[in-house]
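The values are calculated or read from the model by the stated rules, or taken from the named source; none is laboratory data. Note that the structure is a prediction, hence the values are computed from the model and not measured. Cβ atoms come from the backbone with ideal geometry, glycine included; neighbour counts cover every protein chain shown. Ligands, DNA and RNA are stripped out before the accessible areas are found, and what is left, the full protein with its side chains, is counted by its heavy atoms. Shrake-Rupley method; radii C 1.70, N 1.55, O 1.52, S 1.80 Å.
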Amino acid sequence: MRKEKSPFLEIVNLSKFFGETKALKKVNLQVKKGEWVSVMGPSGSGKTTLLSLIGGLIRPTEGKVKIDRTDLNSLNNNEIAHFRREKIGLIFQQHHLVPYLTATENVMLAQFLHSLPDQAEAEEALKRVGLGHRLHHLPSQLSGGEQQRVGIARALINSPALLLADEPTGNLDRENAKIVLEIIKRLHLEDMFTIILVTHDPWVAQWGERIIRLEDGRIIGDKVVKERSSPKRRTS
Ligand SMILES: Nc1ncnc2c1ncn2[C@@H]1O[C@H](COP(=O)(O)OP(=O)(O)OP(=O)(O)O)[C@@H](O)[C@H]1O
Ligand SMILES: [Mg+2]
């Protein structure tokens, strides 16, 4: 085994153009394993574009994204989809839950797409986000904050190494945003996955350890705001 200390996420000269629109311009970024990075910036600054490129949901115009030493450019579309299922959890502002499946079934669907559904494990994941009493509710029977917590359980059910979250609390009031962020923080402390969390809200951003600012497709700020947390293994 090689012992070199390469960053967990490495972004080199990454650009994405949509026709005339230069959404991202030669971005360089390195993120360590287990780091929690918040990405801030005004509307249209390229935050979602950056996250979508990291998640392999879109392809760059130029440059590269390397995750855990895998260059996404070297993977075909099937391989990228497979890589994403193995390594990446996604949370969006809109939770994208399947409306006719219960909370448990929504989490089990992610297990099915990854490997094998396991109801007990899905229920355990929902209990970890405080939804033990909502296992068999449909999304329409859950509050916005509860729906987002199902989204977290679903994103983390396959133990991804990387969590990508785009405005995960964008639709929530402060109280529910705090509940959701506290859950992410606790799970991060337990499992030490790497987090890239996009938000336009400075209060949300300061939950991370490092804040990156995007403006007009470029990184204009990169600041460590708190010490890195050290892992705290689950006892149960
Ligand atoms: N699929 C697309 N086709 C064309 N233009 C796009 C596409 N996606 C993004 N853009 C453009 O790229 C720029 C960056 O968009 P992006 O969605 O990354 O911004 P953002 O920082 O996430 O903004 P917001 O805070 O409003 O979500 C914008 O000018 C946007 O209009
Ligand atoms: Mg966006």
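The charge dipole of the chain, taken about the Cα centre with unit charges on the Cβ atoms of Lys, Arg (+1) and Asp, Glu (-1), comes to about 760 debye, rounded to the nearest 20.
In the assembled protein chains, His136 presents an accessible area of approximately 120 Å² (probe radius 1.4 Å). The order of Leu109, Leu50 by accessible area, most exposed first and with a 1.4 Å probe, is Leu109, Leu50. Here is the P(r) of the stretch 1-134: all C-alpha pair distances, binned every 10 Å from 0, give 10, 33, 32, 21, 4 in whole percents.
Of the accessible area of the stretch 9-201, computed with a 1.4 Å probe over protein heavy atoms only, carbon and sulfur atoms account for 50 percent. For the stretch 124-236, the solvent-accessible area of protein heavy atoms averages 48 Å² per residue (probe radius 1.4 Å; ligands and nucleic acids excluded).
Accessible surface of Met192, taken over heavy atoms with a 1.4 Å probe and every protein chain present, rounds to 40 Å².
Dipole magnitude for the stretch 40-153: computed about the Cα centre from +1 point charges on Lys and Arg Cβ and -1 point charges on Asp and Glu Cβ, it is near 360 debye. In this structure Ile11 has an accessible area near 0 Å², from a 1.4 Å probe over the protein heavy atoms.
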